[in-house]
């Protein structure tokens, strides 16, 4: 906006094109975004809030890696599908 010479930047074709390009880039990022805190996350949070008083077991997977979590230790680590 600072480089636009138009009194209303939305009437500047370069600004409008840059705005459109930014919208498309953000849409592509949003389309490829995967949830970081999916199933099991809430259970892990409740476990920690309960001061780890009960046993918990869950599988965590992210970026083709997986971990089996049991009561605060990683029992099995590997690659997931």
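Where a number appears in this text, it was derived from the coordinates with a stated rule and is not lab data. Quick caveat, the model's predicted, so the values are computed rather than measured. Virtual Cβ from ideal backbone geometry, glycine too; neighbours counted across all protein chains shown.
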Original post:
How high is the FRET efficiency from residue 66 to residue 8, r the C-beta distance, R0 41 Å, rounded to 0.05?
Top reply: 0.20
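Place the peptides 61-67, 12-18, 25-31 in order of packing, highest mean first, counting for every residue the other Cβ atoms within 10 Å and averaging per peptide. Working shown, then result.
Details: 61-67: 11.6, 12-18: 13.1, 25-31: 9.1.
Ranking, from highest mean packing down: 12-18, 61-67, 25-31.
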**OP:** Mind sorting 56, 45 by how few other Cβ atoms lie within 10 Å of their own Cβ, fewest first?
**Re:** 45, 56
